[in-house]
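Following: one structure in structure tokens, then a few remarks.
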Amino acid sequence: MRKLLAGTAMIPVITLDRVEDAVPIARALVAGGLRVLEVTLRTAAARAGIQRIVAEVQGVIVGTGTVCTPEQVQLSCDLGCQFMISPGSTERLLAEAVQAPIPLMPGVASVSEMMRCMEFGYEDFKFFPAEASGGAAKIKAIAGPFADARFCPTGGIGLANALDYLRLPNVLCVGGSWVLPANLVAEQRWADIERLARETVEFCASR
């Protein structure tokens, strides 16, 4: 995951309601400087949408989000994704994903969950839900006993608090959907989404 996320400060979390929106959304985000995209598997449009992004959008690194089962690990690989992100972690999921040809970033909200993931060899984690689980202060505290661990906090993060996380040395990047307001997607205002992506990249670069 660290190689894939090198130079990336923010991962847009995309929840597709319409397959036809997948490629325009991805192209707008990539044009705005956000190349690493997470498409959640929690909608009916996700599978076909990911297939279209992989096939039609150049310069993108696309992964699946909300990966919760071993079957979704296999699906992620079959779709041609380059990474997976889960909201939490179970032993079945961790065991299946560690054998996969693409990396998983397992979700954790506690030190005990981290330690369970580390037993399977994981070092990079989604910290979720970030704000509700202690926020930047908790991630900073974890750095002491777990100096090698790195995090992508997601949940309750926007421009107002992104830098609180990004300035921590054990944070790789942040995740969020603020670059994809529902009204802009519904109205297919792709130029405005590209602008938001560019503004986000510029803002995060100030960390």
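So here's what we get for this one:
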| read-out | value |
| --- | --- |
| One residue from Glu91, Glu123, Glu119, Glu96 being closer than 28 Å to Leu166 by Cβ and acidic (Asp, Glu) | Glu123 |
| Leading residue by the ranking (farthest from Gln188 (Cα to Cα)) among those in the stretch 1-25 that are surrounded by 24 or more Cβ atoms within 10 Å (Cβ to Cβ) and over 14 Å from the mean Cα position of the chain (by Cα) | Leu16 |
| Filter result for the condition that a residue is under 17 Å from Ala22 (Cα atoms) and among the polar types (S, T, N, Q), over Ser133, Ser110, Ser89, Ser76 | Ser76 |
| Qualifying positions in the stretch 69-100 - more than 12 Å from the chain's Cα centre (by Cα), under 16 Å from Phe120 (Cβ atoms) and not polar (S, T, N, Q) | Pro70, Val73, Gly88, Glu91, Arg92, Leu93, Leu94, Ala95, Glu96, Ala97, Val98, Ala100 |
| Flag for Leu196 being at pLDDT 95 or above, touching a helix residue (DSSP H, G or I) at 6+ places or on another chain (Cβ under 7 Å) and either in a loop (DSSP other than H, G, I, E, B) or closer than 22 Å to Ile25 by Cα (or both) | no |
| Hits in the stretch 51-73 - residues which are closer than 21 Å to Ala22 by Cβ, in a loop (DSSP other than H, G, I, E, B) and of a type in the set (S, T, N, Q) | Gln58, Thr66 |
| Close pairs from the stretch 181-207: first under 15 Å from Ile11 (Cα atoms) and surrounded by 16 or more Cβ atoms within 10 Å (Cβ to Cβ), partner modelled with pLDDT under 95 and not charged (D, E, K, R), Cβ under 9 Å, at least 6 apart | Thr200/Leu159; Cys204/Leu159 |
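The values are calculated or read from the model by the stated rules, or taken from the named source; none is laboratory data. Because the structure is predicted, anything quoted here is derived from the model rather than measured. Positions of Cβ are backbone-derived with ideal geometry, glycine not excepted, and every protein chain shown enters the neighbour counts.
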